[in-house]
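Just so you know, all these numbers are worked out from the coordinates, no wet-lab data involved. If you're wondering where the values come from, they're calculated on a predicted model, not measured in any experiment. Cβ: placed from backbone, ideal geometry, glycine included. Neighbour counts: every protein chain shown.
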């Protein structure tokens, strides 16, 4: 039995439906691919952003210094100011002045070099002759992270009313219950909540004690910070327990340091401020004092050298190869090598720069001049290829019209072809510069991973760049380097996005002129 023969119109309609369905499927696949790409990008930015948020703020200790200690700020140095600050802290916490371990816990809350910006600021102002001066000191990285994160896990609860406070022969204190029942209930609460896995502070009359043990209706306490109340009856003063949520073995701060921080916070001695040092300070071995100013300025100098070297050379090389050079075996070899150089790993250019600029020309290591020349060699093939593609996109009729009206070859190229190709050339050049800004491997081989403690003032000064700083901070052992690394990544991404945005805007602006 023969199959029915479909009309020609039905066959065409079926083919059209299949083509339309295939086109819709292709569009759907493209939309799904874009959706995946955007979702991964958004997830990456959100992840980095959450990690970087804490790096843009910093806790500082507010200290009031007497004016007589600052009457000659021009002669004030780091040691003298540190001594003045420590004397002020011991005046605030005189109960910690007797034992060396207690003093170390107090002084370790603020790094020794935190006074450097204060000294520089005092030396640039007129002497203070009376009253007092309020100075803000960056607290150590462990303290800063604890105040941002772990202190939120503290939980306070009312224990009861204090009865009698007595000191034992071991140096500990025994606090009895004024009501005989509330302390027993507190002990039952400890047993029910398995609070043995965390340290517990007991607050009484402005002093903080560590709960060492319980004995019937009494609490055995070790004094940590704050003035110890007078021994004897406490007049039914309220007793509060503070659950720290961790024990001393699982946090970088001792229990006494946590107690001091609680008292400082309650007294208004600690404030949270914008971390300006991240943008104005150079690198430091202390995370709380480190900044990216040297890397930002170093990146700017390096990019300037790269642009001044690679863009003119790349554009003129592209113009010669595309417009003036005769097609021959030599030009074919040059074109093949340019295309191959664009695919060479970046670390090879670092080896080339170390061999040529450092060993042959004996230029200094770790300076933006050498870094810019190495990155210029890296992006030079990309600029040549993009510029040739932009020149090739100009219609041949433009050249023929100019030559037909009597223009020379150079006039036709520079007066007519080059302005028409400028949008593509600028786009390619800026994208190549953005790639150079994110390179790390070539700069590691020429020594730009060195520790830089001063902001460079010229391309011949020792410097580093943002990608290398990210690599260096990420390899740091302290926890505080993690959010700071994320913050520098955001700064680098912001610069890269701005560069690409400039490329788009320039392209559109030049395109409107034609």
For segment 425-514: rounded, prolate or oblate by the Cα gyration tensor [a/c cutoff 1.5]: prolate
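Please give the FRET efficiency for residue 339 paired with residue 392, using the beta carbon to beta carbon distance and R0 = 22 Å, rounded to the nearest 0.05. Before the final figure, lay out the partial values.
Working: r = 14 Å, r/R0 = 0.65.
Result of the calculation: an efficiency of 0.95.
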Can you tell me the length gained on complete extension of the stretch residue 169 to residue 313, counting 0.36 nm per residue apart and subtracting the Cα distance? 43.4 nm
What does the extension gain come out to for residue 405 and residue 100, with contour length at 0.36 nm per residue minus their alpha carbon separation? 100.5 nm
If packing is taken as the average count of other Cβ atoms within 10 Å, what order do 83-90, 485-492 fall into, highest mean first? 485-492, 83-90
Pair-distance profile P(r), taking every C-alpha pair of segment 244-287, with 10 angstrom steps and integer %: 21, 31, 37, 11
Rounded, prolate or oblate, given the Cα gyration tensor of segment 381-467, with a/c below 1.5 counting as rounded? prolate
Assuming R0 = 35 Å, what is the FRET efficiency of residue 57 and residue 87, from their Cβ-Cβ distance, to the nearest 0.05? 0.75
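To the nearest 0.05, what FRET efficiency results for residue 360 and residue 500 with a Förster distance of 30 Å applied to their C-beta separation?
Working: r = 35 Å, r/R0 = 1.18.
Calculated transfer efficiency: 0.25.
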Measure off 7 Å from each Cα along the Cα-to-Cβ vector at residue 284 and residue 189, then give the distance between these two points in nanometres to one decimal. 4.1
Among 237-247, 406-416, 430-440, the order from most to least packed when residues are scored by Cβ within 10 Å on average: 430-440, 237-247, 406-416
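Classify segment 189-280 as rounded, prolate or oblate, taking a ≥ b ≥ c as the square roots of the eigenvalues of its Cα gyration tensor: rounded when a/c is under 1.5, otherwise prolate if a/b is larger than b/c and oblate if not. Don't jump to the answer; show the numbers that get you there.
Details: a/c = 2.80, a/b = 1.55, b/c = 1.81.
In terms of gyration-tensor shape, oblate.
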Can you tell me the Rg and the Dmax, both Å, for the Cα atoms in segment 155-243? 11.8, 33
Once label points are set 7 Å from the Cα along Cα→Cβ at both residue 304 and residue 471, what is their separation, rounded to one decimal in nm? 2.4
Simple SL model, points at 7 angstrom along Cα→Cβ for residue 151 and residue 25; separation in nm is 6.1
Among 255, 464, rank each residue by its count of other Cβ atoms within 10 Å, from fewest to most, as a rough exposure measure. 255, 464
Multiplying the sequence separation of residue 16 and residue 133 by 0.36 nm and subtracting their Cα-Cα distance, what value in nm do you get? 33.8 nm
Read-out log10 I(q)/I(0) by the Debye sum over Cα atoms at q = 0.05, 0.06, 0.10 Å⁻¹, derived from the coordinates shown; its label in (1) -0.24, -0.34, -0.93; (2) -0.39, -0.52, -0.95; (3) -0.22, -0.31, -0.85: (2)
What is the distance in Å between the Cα centroid of segment 351-397 and that of segment 284-313? 17
